[in-house]
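A.B. asks: Encoded as structure tokens, here's the structure I'll be asking about.
The values are calculated or read from the model by the stated rules, or taken from the named source; none is laboratory data. Since we're looking at a predicted model, the values are computed, not measured. With ideal geometry, Cβ positions are generated from the backbone for all residues, glycine too; neighbour counts draw on all protein chains shown. These area figures cover heavy atoms from the full protein model, side chains too; ligands, DNA and RNA do not enter into them. Shrake-Rupley method; radii C 1.70, N 1.55, O 1.52, S 1.80 Å.
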Amino acid sequence: MLFRSAVNLAGEGQKSSGDLGWKGLSAPTQLLATDGAHQDKVALSWNSIHGSGVSYKVYRGTPLSLLGITSNTTFNDTTASPGTTLQYAVSAFTSAAIESTFSNTDIGFVGLTAPSGLSASLGTLTDKIRVSWSPVTGAPLYRVYKDTTTNLIATTGLTGHDDTTTTPGITANYFVSSFIPDVAFESVKSARLS
């Protein structure tokens, strides 16, 4: 508690009433949110703030809204939907209701799985091979590869593609991945379909 008093030639005067003071908290630094590294969560981490009884508030969205509270310097957002990019920030706070400003913001997202259920027409069409697969939750686009995992032949928002470049009688191999163009995230490729 802080007290002040006035001093005159005759000595010290009456003391003022007391008041409390405190040093503000620094904002957490180096917030990192995972970019598709997990298929069930966005994992967050940041540098700790030194002080007694410091906890952290985790915020998400645009505008930012409170997602959760933790006493750790890590937090897993298990409520994020696959393929959706989200903005995160963290603040430090104490039991005395002192809260810091926000940390840096970072974008994170839950990763996508590779498409499954691949199938291809087997000589039933004379002008193309029709490749299809099951939808992946949260996948806005898919990438289709032919013969190698680097020969991209199509990017589509559909769960199928007609390959008109194959010579009749020649077998082709296909791979498909889920793709988020906003952040250039691509899932692992599906098992080969031939």
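A.B. asks: Quick one: in the stretch 145-162, of everything that is loosely packed, with under 11 Cβ neighbours inside 10 Å and more than 19 Å from PRO82 (Cα to Cα), which residue is modelled with the lowest pLDDT? Quick ask: steps written out before the conclusion?
C.D. replies: Filtering the stretch 145-162 for residues loosely packed, with under 11 Cβ neighbours inside 10 Å gives 148, 150, 157.
Those still in the list that are more than 19 Å from PRO82 (Cα to Cα) too: 148, 150.
Working: THR148: 91, THR150: 94.
Per the criteria, the residue is THR148.
A.B. asks: For the stretch 100-129, which positions are part of a strand (DSSP E or B) and either exposed (fewer than 14 other Cβ atoms within 10 Å of the Cβ) or under 18 Å from the mean Cα position of the chain (by Cα) (or both)? Quick ask: steps written out before the conclusion?
C.D. replies: Within the stretch 100-129, the first condition is being part of a strand (DSSP E or B), and the residues that meet it are 106-110, 119-120, 129.
Selection gives ASP106, ILE107, GLY108, PHE109, VAL110, SER119.
A.B. asks: Being open to solvent by 60 Å² or more (accessible area, probe 1.4 Å), among the small types (Gly, Ala, Ser) and either closer than 13 Å to SER132 by Cα or touching a residue at least 12 places away in the same chain (Cβ under 8 Å) (or both) is the filter here, so list the residues in the stretch 163-194 that pass it.
C.D. replies: Across the stretch 163-194, the qualifying residues are ALA191, SER194.
A.B. asks: Does the stretch 47-99 hold any residues that are over 30 Å from PHE185 (Cβ atoms) and not in a loop (DSSP other than H, G, I, E, B), and which are they?
C.D. replies: Answer for the stretch 47-99, where residues must be over 30 Å from PHE185 (Cβ atoms) and not in a loop (DSSP other than H, G, I, E, B): SER55, ALA92, PHE93, GLU99.
A.B. asks: Which ones in the stretch 158-194 are assigned to a loop (DSSP other than H, G, I, E, B), on the phi < 0 side of the Ramachandran plot and among the small types (Gly, Ala, Ser)?
C.D. replies: The answer is ALA172, SER187, SER190, ALA191, SER194.
A.B. asks: So, one more: Pick from ALA89, ALA120, ALA33, ALA43: which is within 30 Å of THR166 (Cβ to Cβ), touching a strand residue (DSSP E or B) at 6+ places or on another chain (Cβ under 9 Å) and of a type in the set (A, V, I, L, M, F, W, C)?
C.D. replies: Testing whether each residue is within 30 Å of THR166 (Cβ to Cβ), touching a strand residue (DSSP E or B) at 6+ places or on another chain (Cβ under 9 Å) and of a type in the set (A, V, I, L, M, F, W, C) leaves just ALA120.
A.B. asks: If you don't mind, another one. So TYR142 ticks every box in (1) open to solvent by less than 50 Å² (accessible area, probe 1.4 Å); (2) over 20 Å from the mean Cα position of the chain (by Cα) but one. Which box is left unticked?
C.D. replies: Only one criterion is unmet by TYR142, namely (2).
A.B. asks: Taking the condition surrounded by 11 or more Cβ atoms within 10 Å (Cβ to Cβ) and at pLDDT below 95, does GLN39 pass?
C.D. replies: Details: surrounded by 11 or more Cβ atoms within 10 Å (Cβ to Cβ): yes; at pLDDT below 95: yes.
The answer is yes for GLN39.
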